[in-house]
Amino acid sequence: MFEIFENTESEVRSYCRKYPVEFSTAKNAEMFSREGERYIDFLAGAGALNYGHNNPEIKSAVMEYLSRDSIIHALDMYTEAKEDFLTVFKKDILEPRGLDYKVMFCGSTGTNAVEAALKLARKNTGRTNVIAFSGAFHGMTLGSLAMTTDQTSRQGAGVPLANVTFVPYGDTMGIEYLKWLLEDDHSGIDKPAAVFLETIQAEGGINVAPVEWLRELRELCTEHGILMVADDIQVGCGRTGYFFSFERADIVPDMVVLSKSISGFGLPMSLLLMRPELDIFKPAEHNGTFRGNQLAFVGAAAAIRYYNAHDLGAAVQKKGALVEAYLKDAICALDERISCRGMGLIWGIDMSGIDKAMAVKVMRACVKRHMIIEVAGRGDSVLKILCPLTIPEDILKEGLDIIRDAIVEVLKEYK
Ligand SMILES: Cc1ncc(COP(=O)(O)O)c(C=O)c1O
């Protein structure tokens, strides 16, 4: 059935191996196969579809733009679409949050924005080394891969991945270790240019950094003149119940990278935000043909309008509370070795207390029940909930019931 893919597409393909379905259409949190079978989407394009598949308000802006022979590609020339995006992003996202950032359009993927941030941090400080955290995922090109910890990703590099010092994530030991690295003149570590931070590690297994930890890290960076770079590629754009994930800790990073859901419509786009004084790249010093994806700009402006018009931050916090209660009452209650963590609409169900392999089994049982869902973390031992933020409450509940039923089925193997 999937011969053309299996014979012609590279072996590197991955998600399609977990979901052996050929998809055709999709609406909000539902995807439909060629045969018209319905799947509930608890993956949302790995966070690229926060506003749902074919969000009608975003789609109509994109279609209206397409319908009038508008500019589709323009390198980084000035265009109406870019002007509208920059205006709405500044007025409706940055200014209300008191954030004073310049905006750099990077290549079309998240990893390109991470590379830009790495280069800019090094250029600003004249230093090479950077700090990243155990469990981090920052992308697949060499600079970001060097800061990514999972061995499957790293083994594809083909060259040594260097100039990064890793620190334990999210706990006192990590902060104490980092302090020691920075303060002991015999620690043997060169002073870093930057600390790259996910406030919640998504691929790392839904690890939520405590607010106090984030604040201490911010202070440490300031004290030592190290740039704090927030990678909000997966947990930004409203995922945590705030537009930027770091808002919950009331901290301001020196740079922020955004991608995935920033275009609102699943179109490729990435941004690097930086404090104005850090904006020292010379013209064309981080160039790229696809930094001017006009359709993505149109989607992105429409998405911000949607976010504010529908008070999506509050809606996510409300749905997040529903998920939290369900996980506690109906899932963790199934077996005391199951634990759940997350916030907003990113949650992890950790089954490693029973068996590291259990989450993958549960994922397969969910797919059998027509749900698209992914695993994350060490040994893929955490089932990851990442539905569109716009998911209707009845479908959210239906999806959670599927997960519960799948866990009940798999648990029988362990009794
Ligand atoms: C936190 C984080 N950073 C960077 C990336 C890389 O983004 P992309 O796959 O668009 O290159 C990802 C992708 O999952 C991510 O989750």
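Take the residues of the stretch 359-389 that are part of a loop (DSSP other than H, G, I, E, B) and more than 19 Å from residue 325 (Cα to Cα): which is most open to solvent (accessible area, probe 1.4 Å)? If you could, list the steps in order and put the result at the bottom.
Just the residues of the stretch 359-389 that are part of a loop (DSSP other than H, G, I, E, B), to begin with: 369-370, 373, 377, 381, 386-389.
Those left that are additionally more than 19 Å from residue 325 (Cα to Cα): 369-370, 373, 377, 381.
Values: 369: 78, 370: 51, 373: 0, 377: 18, 381: 6 Å².
Result: 369.
Which of the residues belonging to the stretch 102-128 are open to solvent by less than 20 Å² (accessible area, probe 1.4 Å) and in contact with a Lys or Arg (Cβ under 9 Å, 6 or more places away or on another chain)?
First, pick out the residues of the stretch 102-128 that are open to solvent by less than 20 Å² (accessible area, probe 1.4 Å): 106-107, 110, 113-114, 116-118, 120-121.
Once the filter is applied, which keeps residues that are open to solvent by less than 20 Å² (accessible area, probe 1.4 Å) and in contact with a Lys or Arg (Cβ under 9 Å, 6 or more places away or on another chain), the stretch 102-128 yields 106, 107, 110, 121.
Residues of the stretch 267-282 being part of a loop (DSSP other than H, G, I, E, B) and farther than 27 Å from residue 210 by Cβ, which ones? Break it down stepwise before answering.
Taking the stretch 267-282 and keeping what is part of a loop (DSSP other than H, G, I, E, B), we get 267-270, 275, 279-282.
Passing the criteria: 267, 268, 269, 270, 279, 280, 281, 282.
Quick one: is residue 147 of a type outside the set (Ser, Thr, Tyr), within 15 Å of the ligand (Cβ to nearest atom) and either modelled with pLDDT of 95 or more or within 28 Å of residue 240 (Cβ to Cβ) (or both)? Walk me through how you get there before you give the answer.
Details: of a type outside the set (Ser, Thr, Tyr): yes; within 15 Å of the ligand (Cβ to nearest atom): yes; either modelled with pLDDT of 95 or more or within 28 Å of residue 240 (Cβ to Cβ) (or both): yes.
The answer is yes for residue 147.
Restricting the search to the stretch 326-345, which residues are closer than 19 Å to residue 379 by Cα and of a type in the set (A, V, I, L, M, F, W, C)?
Pass one, the stretch 326-345, residues closer than 19 Å to residue 379 by Cα: 337-342.
The answer is 338, 340.
Looking at the stretch 130-144, which of its residues are buried (at least 18 other Cβ atoms within 10 Å of the Cβ) and under 25 Å from residue 224 (Cα atoms)?
Within the stretch 130-144, 130, 131, 132, 133, 135, 136, 137, 138, 143, 144 qualify.
What's the number of the only condition in (1) part of a helix (DSSP H, G or I); (2) within 16 Å of the ligand (Cβ to nearest atom) that residue 205 fails to meet?
Here residue 205 meets the rest and fails (1).
Of the residues that make up the stretch 118-128, is at least one touching a Pro at 6+ places or on another chain (Cβ under 7 Å) and not hydroxyl-bearing (Ser, Thr, Tyr)?
Residues of the stretch 118-128 that are touching a Pro at 6+ places or on another chain (Cβ under 7 Å), as a first pass: 127.
From what is left, the residues that are not hydroxyl-bearing (Ser, Thr, Tyr) are 127.
Scanning the stretch 118-128 turns up at least one residue that is touching a Pro at 6+ places or on another chain (Cβ under 7 Å) and not hydroxyl-bearing (Ser, Thr, Tyr).
Starting from residues that are within 13 Å of the ligand (Cβ to nearest atom) and part of a loop (DSSP other than H, G, I, E, B), keep the ones in the stretch 247-266 and report whichever is nearest to the chain's Cα centre (by Cα).
By that ranking, first place goes to 259.
Go through the stretch 390-415 and give me each residue that's crowded, with 20+ Cβ neighbours inside 10 Å and in a loop (DSSP other than H, G, I, E, B).
390, 391
Report yes if some residue within the stretch 79-99 is outside any loop (DSSP other than H, G, I, E, B) and hydroxyl-bearing (Ser, Thr, Tyr); otherwise report no. If you could, list the steps in order and put the result at the bottom.
So the first thing to find is which residues in the stretch 79-99 are outside any loop (DSSP other than H, G, I, E, B), and the list is 80-97.
After this cut, where a residue has to be hydroxyl-bearing (Ser, Thr, Tyr) as well, the list is 87.
Yes, the stretch 79-99 contains at least one residue that is outside any loop (DSSP other than H, G, I, E, B) and hydroxyl-bearing (Ser, Thr, Tyr).
So is residue 84 in the same structural domain as residue 232 (by TED's automatic domain parsing), touching a strand residue (DSSP E or B) at 6+ places or on another chain (Cβ under 7 Å) and under 19 Å from residue 268 (Cβ atoms) or not?
Numbers: in the same structural domain as residue 232 (by TED's automatic domain parsing): yes; touching a strand residue (DSSP E or B) at 6+ places or on another chain (Cβ under 7 Å): no; under 19 Å from residue 268 (Cβ atoms): yes.
In short, no.
Out of the stretch 176-202, which residues are away from the ligand (no atom under 15 Å from the Cβ) and in contact (Cβ under 8 Å) with a residue 60 or more places away in the chain? Full working, then the answer.
Start the filter on the stretch 176-202 by keeping residues that are away from the ligand (no atom under 15 Å from the Cβ), which leaves 176-193.
Listed by number, the residues that qualify are 189, 190, 191, 192, 193.
Would you confirm whether or not the stretch 41-64 contains a residue that is of a type in the set (Ser, Thr, Tyr), assigned to a loop (DSSP other than H, G, I, E, B) and assigned by TED's automatic domain parsing to the domain that holds residue 260? Explain how you work it out, then say what you get.
Quick first cut of the stretch 41-64, residues of a type in the set (Ser, Thr, Tyr) only: 51, 60.
When the remaining residues are screened for being assigned to a loop (DSSP other than H, G, I, E, B), the result is 51.
In the following step, the residues that additionally are assigned by TED's automatic domain parsing to the domain that holds residue 260 were identified as none.
Within the stretch 41-64 (the criterion being of a type in the set (Ser, Thr, Tyr), assigned to a loop (DSSP other than H, G, I, E, B) and assigned by TED's automatic domain parsing to the domain that holds residue 260), the answer is no, since none of the residues qualifies.
From the list 68, 17, 13, which one is touching a Phe, Trp or Tyr at 6+ places or on another chain (Cβ under 8 Å) and either more than 16 Å from the ligand (Cβ to nearest atom) or free of Cβ contacts under 8 Å to residues at least 12 places away in the same chain (or both)? Before you say what the answer is, go through the steps one by one.
On the way: 68 fails: touching a Phe, Trp or Tyr at 6+ places or on another chain (Cβ under 8 Å); 17 fails: touching a Phe, Trp or Tyr at 6+ places or on another chain (Cβ under 8 Å).
Testing whether each residue is touching a Phe, Trp or Tyr at 6+ places or on another chain (Cβ under 8 Å) and either more than 16 Å from the ligand (Cβ to nearest atom) or free of Cβ contacts under 8 Å to residues at least 12 places away in the same chain (or both) leaves just 13.
Each row is one residue, and each column tells you yes or no for (1) more than 27 Å from the chain's Cα centre (by Cα); (2) acidic (Asp, Glu); (3) surrounded by fewer than 14 Cβ atoms within 10 Å (Cβ to Cβ).
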{"site": "2", "(1), (2), (3)": "yes, no, yes"}
{"site": "36", "(1), (2), (3)": "yes, no, yes"}
{"site": "43", "(1), (2), (3)": "no, no, no"}
{"site": "52", "(1), (2), (3)": "no, no, no"}
{"site": "56", "(1), (2), (3)": "no, no, yes"}
{"site": "85", "(1), (2), (3)": "no, no, no"}
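The values are calculated or read from the model by the stated rules, or taken from the named source; none is laboratory data. Just so you know, these numbers come straight off a predicted model, no measurement behind them. Quick reminder, even Gly has a Cβ in these numbers, built from the backbone with ideal geometry, and neighbours come from all protein chains shown. Each accessible area value is taken on the protein alone, full model and side chains, heavy atoms only, with ligands, DNA and RNA left out. Shrake-Rupley method; radii C 1.70, N 1.55, O 1.52, S 1.80 Å.
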